[in-house]
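The values are calculated or read from the model by the stated rules, or taken from the named source; none is laboratory data. Since we're looking at a predicted model, the values are computed, not measured. Cβ placement follows ideal geometry from the backbone for every residue including glycine, while neighbour counts extend to all protein chains displayed. Each accessible area value is taken on the protein alone, full model and side chains, heavy atoms only, with ligands, DNA and RNA left out. Shrake-Rupley method; radii C 1.70, N 1.55, O 1.52, S 1.80 Å.
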Amino acid sequence: MTPDPSELERLAALGHVDPPPPGVLDAAREILWSAVAQEMLAAPGQAAVPGQAAVPGQAAERHADRPRPADPDA
């Protein structure tokens, strides 16, 4: 699909912007993957907090804090 001429004119009017330094992209990637991991590792019934990055070991602490089911043999 080729963009129509009016779209190309609007893009040209924006001008050229240099890409960000590699460190900026690395930081953004880390934040994104932390949010994805937090969402995937969230305990059932607990929603991840939007905009808050996961902290290493946070998921393990959540699971450790949950009450354990009663032991039927006890």
Q: Report ASP18's accessible area, 1.4 Å probe, all protein chains in place, as a number in Å² to the nearest 10.
A: 110
Q: Could you please put VAL17, VAL36 in sequence from largest to smallest accessible area, using a 1.4 Å probe?
A: VAL17, VAL36
**Q.** Distance between modelled label sites at HIS16 and GLU39, nm, 7 Å Cα→Cβ extension
**A.** 3.6
